[in-house]
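For reference, the structure discussed in these notes is given below.
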């Protein structure tokens, strides 16, 4: 029995990511929709999004929203969870829309469809690309006969993904076919829309990019139908980004650029072929000279919304349920595409699973583990430990040839954010030198590499009882903006009071250091915390010193050049790590590591310039100029309701720290800089030309 269409839709959403924003924007405009709940395992993200759209109920799971009495549920989570959530929602008596792909397997799709038929509830899948205005325009042109019978369709699409943010590996990382399942599904149903049912499909894939999170990042698919051939090219490497569709018929061609929202129809013209080609190109250029600037203006003024297909699909499903009609894309459509996807994805999934499992080979005990071993400091730590005759285990994101060729180095490949691989690396290791952390990227990079990475290392050390953890923190955790001239910076000096205003690096470094502190105090973990100043040395010549930022290929030095820099030479930091690993008195302590034989910024930048020559373009700006720029950027961010990379607080925090007390490192560790700043500058930049 089919349920009576509800007079009002009480909608709950599962998932608070990028897609949810567009669904909520569409649903909030419908006068027959009440947004009654939003759930996500990331409660902070769910609460922020719920506040933005005025949703009262927020929960971690769908079951917790039962008391909100939803009658429609939108499932906007990763595909692996679609079936479980859709079945649960239908058990609650709710109609369900799932984002594409419908589910990760044919079996899951069939179970969802069977439940919908048994309950009489509406189950739809959001094949949102077919709601894109320019694709709809192209489909209308084809159906009107504008280019004659269609013979081929080509889709070219580039993409990018937000970085893995840590925790158990998501489908993006663990599933070999994830990239194709994510975007290939769009391509397959779009090819069907233009060419008819797909009779045969084949796929080729490769790994060509620099992102170890995506197993296969170049995909080509070819499909055959009764009327023609379709080709799909997906890349996560090619730039600039494009999202294009070309439809070729017997009497013309349609070109769609979804980024500029333009649809060009090139018809076969009478007369010489060359003249027809020129005329088509001329008329298209004239039209684009008007259409593209107009679309830019529409986007800037909010009249043209981002991801219009997602929004239109969300709205169309709600209207269909409200009217008691079939959804635009019923579950049968999702099942049909799943049956195409499954055989295409089986081989890359097997390959990725084998590759991941091969990382967990049994390892003999090692004297030490170094995380971040491929980095500037980490490589030097490994070299020093090997020079002492120790066997060293390293955790790196990508294999390192130099480590592979050294029989005394055990190489574990994986991400610091992954609890399982970190546990494998820590088990059976002696001293753990936790050097690894995110140094660049967005908030998710820092969350994974720094916060999750440190959390995973701490948990593994607790579990396996390693004799000692040496953790490399950062001077970034100190209060830069609030420091008064002349204050002495001991290990107990106050930490940054507003880390969220300083940026992801400071915020995550402070969170990670706090976690190590708690493990020492609450769990008795044998650990030592080192806070080096700015580490320099050969290989780091192009790293900006404190108080200087890199912007558009230029170094901008802010403020006075007479300010001293908190420098420490790389090999001197390595010495401190080795001492911290052995000193009984060091356990549970924090140590500043800065060379008190300081160098001012003018001198350091002059040495950089002498080494780098024309590669270094340097500009000095007074702090007040940058503060004025920060005010403007802040106002722009406020108007656009977006976080901005430059604020007054960050400008005030740019000044280098000074007046360090390193007596604890000297007295407890027995550390004094062996190389020192002056000799270190010569080793890094060559002899001073002055």
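Bear in mind these aren't lab numbers, they're just calculated from the coordinates by the rules spelled out. All of these numbers come straight from a predicted model, not from anything done at the bench. Every residue, glycine among them, receives a Cβ derived from its backbone with ideal geometry; neighbour counts consider all protein chains shown.
For the reader, a short list of remarks on this structure follows.
- At R0 = 22 Å, FRET efficiency that the Cβ-Cβ distance of residue 500 and residue 42 yields, to 0.05: 0.85
- Anisotropy class of the stretch 48-197 from Cα gyration tensor, a/c 1.5 cut: prolate
- Our note on the geometry: Cα centres of the stretch 49-97 and the stretch 220-284, 40 Å apart.
- Centre separation in Å (Cα based) which lies between the stretch 353-385 and the stretch 603-646: 37
- The stretch between residue 253 and residue 110 holds 47.7 nm of extra length on full extension. This uses 0.36 nm per residue minus the Cα-Cα distance.
- Modelled FRET efficiency - R0 35 Å, residue 612 with residue 347, Cβ distances, 0.05 increments: 0.15
- Potential extension, residue 462-residue 286 segment - 0.36 nm per residue separation minus Cα distance: 56.6 nm
- The stretch 519-586-the stretch 120-144 distance, computed between alpha-carbon centres (Å): 55
- Taking label positions 7 Å along the Cα-Cβ direction at both residue 427 and residue 488, the computed distance is 4.8 nm, reported to one decimal.
- Taking Cα atoms only, the orientation of helix 133-143 departs from the longest principal axis of the chain by about 30 degrees.
- Burial order of peptide ranges 42-53, 269-280, 666-677, 413-424 (average beta-carbon count within 10 Å, highest first): 413-424, 666-677, 42-53, 269-280
- By definition, a body whose alpha carbon gyration tensor gives a ≥ b ≥ c is oblate when a/c is 1.5 or more and a/b is not larger than b/c, and the stretch 40-137 fits this oblate description.
- Helical content of the chain, expressed as a calculated mean residue ellipticity at 222 nm, amounts to -12000 deg cm²/dmol (DSSP H runs of 4 or more residues, -39,500 (n - 2.57) each, divided by residue number, nearest 500).
- Annotation for residue 8 and residue 268: the two label points, set 7 Å from Cα along the Cα-Cβ direction, are 5.8 nm apart.
- Pair residue 644, residue 305: separation of 7 Å Cα→Cβ label points (nm): 2.7
- Against the main long axis of the alpha-carbon atoms of the chain, helix 601-612 sits at an angle near 70°.
- In terms of packing, defined here as the mean over residues of other Cβ atoms within 10 angstrom, the peptides 91-100, 305-314 line up highest first as 91-100, 305-314.
- As a rough guide to protection, the peptides 322-328, 570-576, 613-619 ranked by mean Cβ packing within 10 Å, highest first, stand as 570-576, 322-328, 613-619.
- On Cα atoms only, tilt of 43-53 relative to the major axis of the chain in degrees: 50
- Counting DSSP beta bridges with both ends in the chain, the antiparallel % (nearest 5): 40
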